[in-house]
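Peer 1: Pasting in a structure now, in structure tokens, and then I'll have a few things to ask.
The values are calculated or read from the model by the stated rules, or taken from the named source; none is laboratory data. None of the values given here were measured: they were computed from a predicted structure. With ideal geometry, Cβ positions are generated from the backbone for all residues, glycine too; neighbour counts draw on all protein chains shown.
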Amino acid sequence: MKKEELVKKALESRKYSYAPYSKFRVGAAIECKDGTVYTGCNVENAAYGPSNCAERTAIFKAVSEGKRSFTQIAIAGGYEEGMEVSGYATPCGVCRQVMMEFCEPENFVILVAKSETDYKEFTLKELMPEGFGAANL
């Protein structure tokens, strides 16, 4: 899938975000190696700990359907004001660690987007240079 198409899906999934506390709405779209795409949004909770990020929501949806190999993820997040994304939202440490479980650090692409045409591209290895994964066990 083209990067712009994946980013568009991430931007669309922000609409479903449940963020009554932080007002920071995030959407994600992850592409499996077979071309299937799963989307997710952040889901907050008043107790904060039970909250879940958009990236993990998308990954867990895919894993729950039997998917285990991924090529790229697009992430779009920002405050509610006008629903426009004003900055780049990189994945938190917990999400990066979950990506380490299922993705090849050197090849997995992370797109952080403001719009369909304005995004930055990283590999998981760039964001987790000394990441811990199955190879460490």
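Peer 1: Restricted to region 1-21, and to residues that are in contact with a strand residue (DSSP E or B) (Cβ under 6 Å, 6 or more places away or on another chain) and assigned to a loop (DSSP other than H, G, I, E, B), which residue is modelled with the lowest pLDDT?
Peer 2: Applying the filter and picking the extreme gives MET1.
Peer 1: Another question, if that's okay. Answer yes or no as to whether VAL85 is over 12 Å from the mean Cα position of the chain (by Cα), β-branched (Val, Ile, Thr) and farther than 13 Å from VAL7 by Cα.
Peer 2: no
Peer 1: Still on this structure, I have one more. If THR123 passes every condition in (1) of a type in the set (S, T, N, Q); (2) in contact with a strand residue (DSSP E or B) (Cβ under 8 Å, 6 or more places away or on another chain); (3) loosely packed, with under 15 Cβ neighbours inside 10 Å but one, which one does it miss?
Peer 2: (3)
Peer 1: Right, next: Within region 55-85, can you find the residues that are assigned to a loop (DSSP other than H, G, I, E, B) and modelled with pLDDT of 95 or more? Step through it out loud before you land on a result.
Peer 2: First, pick out the residues of region 55-85 that are assigned to a loop (DSSP other than H, G, I, E, B): 65-69, 80, 84-85.
Once the filter is applied, which keeps residues that are assigned to a loop (DSSP other than H, G, I, E, B) and modelled with pLDDT of 95 or more, region 55-85 yields GLU65, GLY66, LYS67, ARG68, SER69.
Peer 1: Within the set of pairs 6 or more residues apart or between chains, which connect a residue that is under 16 Å from LYS2 (Cα atoms) inside region 99-126 to a residue that is among the polar types (S, T, N, Q) and outside any loop (DSSP other than H, G, I, E, B) with Cβ atoms less than 6 Å apart?
Peer 2: Matching pairs, first to second residue: VAL109/GLN72.
Peer 1: Next question, about the same structure. Name the residues in region 38-70 that are of a type outside the set (Asp, Glu), under 17 Å from ARG25 (Cα atoms) and under 16 Å from the mean Cα position of the chain (by Cα), would you?
Peer 2: Passing the criteria: THR39, GLY40, CYS41, ASN42, VAL43, SER51, ASN52, CYS53, ALA54, ARG56, THR57, ALA58.
Peer 1: Just need a number here: residues in region 1-55 that are surrounded by fewer than 23 Cβ atoms within 10 Å (Cβ to Cβ) and either basic (Lys, Arg) or in contact with a His (Cβ under 6 Å, 6 or more places away or on another chain) (or both).
Peer 2: 7
Peer 1: Quick check on my filter: what residues within region 88-111 are closer than 10 Å to LEU127 by Cβ and either at pLDDT below 95 or surrounded by fewer than 18 Cβ atoms within 10 Å (Cβ to Cβ) (or both)?
Peer 2: Matches in region 88-111: THR90, GLY93.
Peer 1: Does VAL85 satisfy the criteria of being of a type in the set (A, V, I, L, M), in contact (Cβ under 8 Å) with a residue 12 or more places away in the chain and more than 16 Å from GLU31 (Cα to Cα)?
Peer 2: Working: of a type in the set (A, V, I, L, M): yes; in contact (Cβ under 8 Å) with a residue 12 or more places away in the chain: yes; more than 16 Å from GLU31 (Cα to Cα): yes.
Yes: the conditions hold for VAL85.
Peer 1: Only one of SER115, SER69 is within 18 Å of CYS41 (Cβ to Cβ), surrounded by fewer than 18 Cβ atoms within 10 Å (Cβ to Cβ) and in contact with a helix residue (DSSP H, G or I) (Cβ under 8 Å, 6 or more places away or on another chain); which?
Peer 2: SER115
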